[in-house]
Amino acid sequence: MADSKTIKKKLAKEILKRLRREYKKTRGDFVHWTNPLELLIATILSAQCTDKKVNEVTVSLFKKYKKAEDYANVDIKELEQDIYSTGFYRNKAKNIKSLAKILVEKYKGKVPDNLDDLLRLPGVSYKTAYLVLSKAYSKNVGVAIDTHLKRILPRLGLVDETKNTDKMSKEMAEILDKKDYLDINEYLILHGRKVCGRVPQCNTCILKDICRYGKNLPNN
């Protein structure tokens with residue numbers, strides 16, 4: 001009889017296969033960026049904010065601030081106003097300005113391409129670092145866990161942990177190929193937006209027959 005990890009690996013492959021087929025055309029519906037600095041800033045702004053709103057804000061933000069020096073030298077009140085509509089703007093502005101100073105002083109204005117250095121930057125979580133490394137540097141070092149994945153992964157039966165995102169990330173890393181780390185994040189986010197939100201729409205879900213939550217619903 002197959003062990004739990006083997007079963008989860010097989011389940012994860014089938015889930016990704018279906019999600020790729022379903023959401024391939026909407027894969028680009030995330031924060032917009034053209035370089036590592038823009039990706040880092042946009043990802044920080046996306047905390048407790050929709051990607052749609054972040055993209056509205058960064059249209060003008062990225063024209064105004066092109067280098068780390070620009071963020072480091074701007075008056076904090078001005079930066080707060082520029083990102084106000086993304087929410088939690090005071091804390092985000094403080095972190096962005098502080099990390100920009102570090103980038104200028106220690107990294108010649110460049111965003112680091114390794115996990116340890118990224119995590120030393122103010123406002124950079126494991127989730128943010130994983131996304132920046134994967135998207136900007138093609139380095140798959142961990143599975144980014146956001147609100148959608150925290151909700152969906154236990155429903156699917158892919159993780160046993162339900163609260164600690166770092167532990168959830170480690171569980172997923174053990175059952176996924178590294179090349180799939182970013183895919184599981186982005187495709188489950190898309191699935192969460194469309195189907196598997198706070199109130200899951202199980203009747204329209206392409207994963208219903210292999211989902212632990214869906215299979216346990218009445219009349220299934």
Some residue of the stretch 126-148 being of a type in the set (Asp, Glu), under 25 Å from Arg193 (Cα atoms) and surrounded by fewer than 22 Cβ atoms within 10 Å (Cβ to Cβ): yes
Ala47, sole failed condition from (1) of a type in the set (A, V, I, L, M); (2) closer than 30 Å to Cys211 by Cβ; (3) assigned to a helix (DSSP H, G or I): (3)
Test for Leu153: is it modelled with pLDDT of 95 or more, assigned to a helix (DSSP H, G or I) and crowded, with 20+ Cβ neighbours inside 10 Å: yes
3 or more residues surrounded by 15 or more Cβ atoms within 10 Å (Cβ to Cβ) and among the aliphatic types (A, V, I, L, M): qualifying helices (runs of 4 or more DSSP H) within the stretch 58-119: 89-107
Residue count for the stretch 158-182, restricted to those that are of a type outside the set (A, V, I, L, M), at pLDDT 95 or above and in a loop (DSSP other than H, G, I, E, B): 1
Verdict on Thr43 being outside the structural domain of Asp180 (by TED's automatic domain parsing) and under 25 Å from Gly109 (Cβ atoms): yes
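Let's see how each residue does on (1) free of Cβ contacts under 8 Å to residues at least 60 places away in the same chain; (2) surrounded by 15 or more Cβ atoms within 10 Å (Cβ to Cβ); (3) acidic (Asp, Glu):
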| residue | (1), (2), (3) |
| --- | --- |
| Tyr23 | no, yes, no |
| Val31 | yes, yes, no |
| Thr34 | yes, no, no |
| Leu39 | no, yes, no |
Looking only at the stretch 17-36, and only at residues there that are assigned to a helix (DSSP H, G or I) and either in contact with a helix residue (DSSP H, G or I) (Cβ under 6 Å, 6 or more places away or on another chain) or of a type in the set (S, T, N, Q) (or both), the one that is nearest to Lys110 (Cα to Cα): Pro36
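Filter the stretch 101-128 for residues that are of a type in the set (A, V, I, L, M, F, W, C), closer than 24 Å to Val74 by Cα and out of contact with any Pro (no Cβ under 9 Å at 6 or more places or on another chain) and give the result.
Val104, Leu119, Val124
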Whichever residue in the stretch 186-220 is more than 25 Å from the chain's Cα centre (by Cα) and in a loop (DSSP other than H, G, I, E, B) and, among such residues, is modelled with the lowest pLDDT: Asn220
The one condition in (1) assigned by TED's automatic domain parsing to the domain that holds Asp51; (2) hydrophobic (A, V, I, L, M, F, W, C); (3) more than 28 Å from Val57 (Cα to Cα) that Ala100 fails to fulfil: (3)
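The values are calculated or read from the model by the stated rules, or taken from the named source; none is laboratory data. Only a predicted model underlies this, so the values are computations on that prediction, with no experimental measurement involved. All Cβ positions, even for glycine, are placed from backbone atoms using ideal geometry, and neighbour counts span all protein chains on display.
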